[in-house]
Ligand code: SAH
Ligand code: SF4
């Protein structure tokens, strides 16, 4: 098999009908065999497609990590319930609104509320927070990333005004899923949640960690097949980074290399998707964000959480939470993005087809 990047449209179509074996071959090829010239051609193709739909715009989202409490025990995560060394905190509704207010003044028009699966945040409490944000900032989008819940719960949160939901599927391979999670968590339920969210009307984000323990080119091919089937509006991928209090401590030294290649392949396969250059990418590579944007990513998510708590939202080791990753470093980040040839965009930044819909209303 010979992969050709001469025509991006052809490669995009090929990725959209390739079977698992072919996808596996393509991913392996770009991760292991492609020379510098081919890798650069891949990035250029991804970039061209990004610009076709989103121009040079890079969307800004304000990230609020509002609770580090979690009832789950995902084996890879520093916030898992059994980690007795984790510092737990929980913001009040008022603190969350104050952070949004500060973010609004900085220009943000999307707030991403993320937390562990914290039972304290019942539907009633979370709905109340979402509706208060929407009432005070009606021109803003609210994205939730609070894990697996029932259809009724997702429905109630949507009715309160939540617009988007991020729930990485983590891996679309059953066996791999079982190696990363305890038996009470299942890929089947994860997928059910994602389809339910889409059905309710959320803009939905799936995704996975890159180089996670036991990941193979086969499991990655399975991820691509699942993403193709789900057609999410957003895809979050970032390098797996070991956490010292997990069984994967010191598993291996994380790098940005594979994430950058996979960002480009995903952009080419699903050209309209919103694709963040994640904090994890910046954590493993000081130039990670810029490289990510040049590889096809078009979203950044600076941290709006209160500075005093940031270090305690420790899902992996050495997470960066200052400088350009933080709201305080916003002008620096904007400057970096301009220097890289892009345009910072503080609008809501909906999925492109939905932007057109709202403009034509
Ligand atoms: N509790 C929610 C949201 C917070 S965790 C949930 O699980 O969906 C957000 C994401 O962090 C997870 O989806 C996972 O992909 C990522 N993550 C967890 N541990 C990580 C690690 N060690 N390295 C990199 N990413 C990690
Ligand atoms: Fe909890 Fe999410 Fe971490 Fe799993 S990944 S332990 S659900 S915070």
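Observations
- Taking the centroid of alpha carbons for each part, the range 118-190 and the range 215-237 are 19 Å apart.
- Extending 7 Å from the Cα toward the beta-carbon at both residue 255 and residue 98 defines two label points whose distance is 4.4 nm.
- Cβ crowding within 10 Å ranks 88, 164 as 88, 164, fewest other Cβ atoms first.
- For peptides 145-153, 6-14, sequence by mean Cβ density within 10 Å, most packed first: 145-153, 6-14
- Here, P(r) means the percent of Cα pairs in each 10 Å bin from 0 to the largest distance; for the range 253-295 it is 32, 54, 13, 0.
- The separation of the range 327-351 from the range 25-43, counted between C-alpha centres, amounts to 28 Å.
- Annotation for residue 340 and residue 73: the two label points, set 7 Å from Cα along the Cα-Cβ direction, are 3.9 nm apart.
- Estimated at 0.36 nm per residue, the fully extended path between residue 88 and residue 119 surpasses their Cα-Cα distance by 9.8 nm.
- Sorted into 10 angstrom bins from 0, the C-alpha pair distances of the range 313-355 split as 24, 35, 34, 8 percent.
- Stretchable slack from residue 195 to residue 51, in nm (0.36 nm times residue separation minus alpha-carbon distance): 49.0 nm
- Net length gained if the chain between residue 188 and residue 354 were fully extended (0.36 nm per residue, minus Cα distance): 56.9 nm
- DSSP bridge orientation in the range 8-360 - percent antiparallel, rounded to nearest 5: 5
- Panel order for 301, 234, by other beta carbons found within 10 Å of each beta carbon, from fewest to most: 234, 301.
- Angstrom value of the Kirkwood radius, inverse mean 1/r, which spans all Cα pairs in the range 8-360: 20.3
- Mean shadow area of the range 1-96 over all directions, Cα convex hull, nm²: 10.8
Here, each number is a calculation from the coordinates, and none is a lab measurement. Keep in mind that what you see is a predicted model, and the values were worked out from it rather than measured. Using ideal geometry, Cβ is built from the backbone for each residue, glycine included, and neighbour counts are taken over all protein chains shown.
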